[in-house]
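Chemist: Sharing a structure here in structure tokens format.
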Amino acid sequence: MVVTFKVTDQENGAWAVLRVSGELDLVTSPVLRQRVHDVVAEGRHRLVLDLSEVWFCDSSGVGVLIASRRLLRSCQGRLRLILPARGAADGSHVNKVLGALGVRRLFEVHPDVPSAVDEDARPLSA
């Protein structure tokens, strides 16, 4: 079985949105890291990472998320994550991994793109 890893880029107002699908692991995380760096290099400092199609995330994937947060904060930017819709309810894999590592609270998590790009939306609680 071949699992495809994809990152697609779109604009949504002031926000850049990267939709990630597949497994976020040692092999694929450098791809996401590069895409985040490309977005910031283009001068876009408000980034949403849509992880709703990510069904597996290991520590290297988490490392990329933390590094992305650090990078955006260093340029006064913002990073928001979208976790699978059932994430808070049934504990999606990404949500479980972030929680288990104690880093879930570091991220602003939203249920979908409209919420994530809304300046007034409140993030989901950890």
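Chemist: Using alpha carbons only, how many angstrom separate the centre of the range 10-46 from the centre of the range 95-126?
Modeler: Measuring centre to centre over Cα atoms gives 16 Å.
Chemist: Apply the Karplus parameterisation 6.51 cos²θ - 1.76 cosθ + 1.60, with θ equal to phi minus 60°, to every residue of the range 33-50 and state each ³J(HN,Hα) to the nearest whole Hz, in sequence, with x for glycine and proline.
Modeler: Karplus values, whole Hz, x for Gly and Pro: 4, 5, 5, 5, 4, 4, 4, 5, 4, 7, x, 9, 10, 10, 10, 10, 9, 8.
Chemist: Something else: May I ask you to give the percent of accessible area on the chain that is carbon plus sulfur, with a probe radius of 1.4 Å?
Modeler: Roughly 53 percent of what the probe reaches on the chain is carbon or sulfur.
Chemist: Step by step: find N for the chain, compute 2.2 N^0.38 Å, then divide the Cα radius of gyration by it. What's the final number?
Modeler: Cα Rg divided by the expected 2.2 N^0.38 Å: 0.96.
Chemist: Given a 1.4 angstrom probe, what's the average accessible area per residue across the chain, in square angstrom?
Modeler: Dividing the accessible area of the chain by its residue count gives 53 Å².
The values are calculated or read from the model by the stated rules, or taken from the named source; none is laboratory data. The shown structure was predicted, so the numbers you read here are calculated from the model rather than taken from an experiment. Please note that ligands, DNA and RNA were not included when accessible areas were found on the heavy atoms of the full protein model with its side chains. Shrake-Rupley method; radii C 1.70, N 1.55, O 1.52, S 1.80 Å.
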